[in-house]
Amino acid sequence: MAFTLYSLLQASLLIVNAVAVLHEERFLRHVGWGTDQGIGGFGEEPGIKAQLMNLIRSVRTVMRVPLIALNSITIVLLLLFG
């Protein structure tokens, strides 16, 4: 498989899909990344862990509908062009 722009886009789509399906209660809480574990004090800078949890929540919220469209387009392109 050659390294092309399409394969790079497809790999990034797979990574965003993986982030979108992470479930807080089933998986992230067991790893120590639950919602109740990243609470900091007022005025403190959020740590890396809190920023990553915020990114995961944002991806799940914002990218739900666009991911359905992008996955559908990718499937159709794979069916048409192999």
Exercise for the section: Exactly one condition in (1) surrounded by 11 or more Cβ atoms within 10 Å (Cβ to Cβ); (2) of a type outside the set (D, E, K, R); (3) modelled with pLDDT under 85 is not met by Met1; state its number. Expected result: (1)
Problem - Filter result (touching a helix residue (DSSP H, G or I) at 6+ places or on another chain (Cβ under 8 Å), at pLDDT below 75 and open to solvent by less than 70 Å² (accessible area, probe 1.4 Å)) within the stretch 29-55 - result: Gly34, Gly38, Gly40
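The values are calculated or read from the model by the stated rules, or taken from the named source; none is laboratory data. This structure is a prediction, so every number in the text was calculated from the model and none was measured. FYI the Cβ positions are ideal-geometry reconstructions off the backbone, even for glycines, and counts take in every protein chain you see. Ligands, DNA and RNA are stripped out before the accessible areas are found, and what is left, the full protein with its side chains, is counted by its heavy atoms. Shrake-Rupley method; radii C 1.70, N 1.55, O 1.52, S 1.80 Å.
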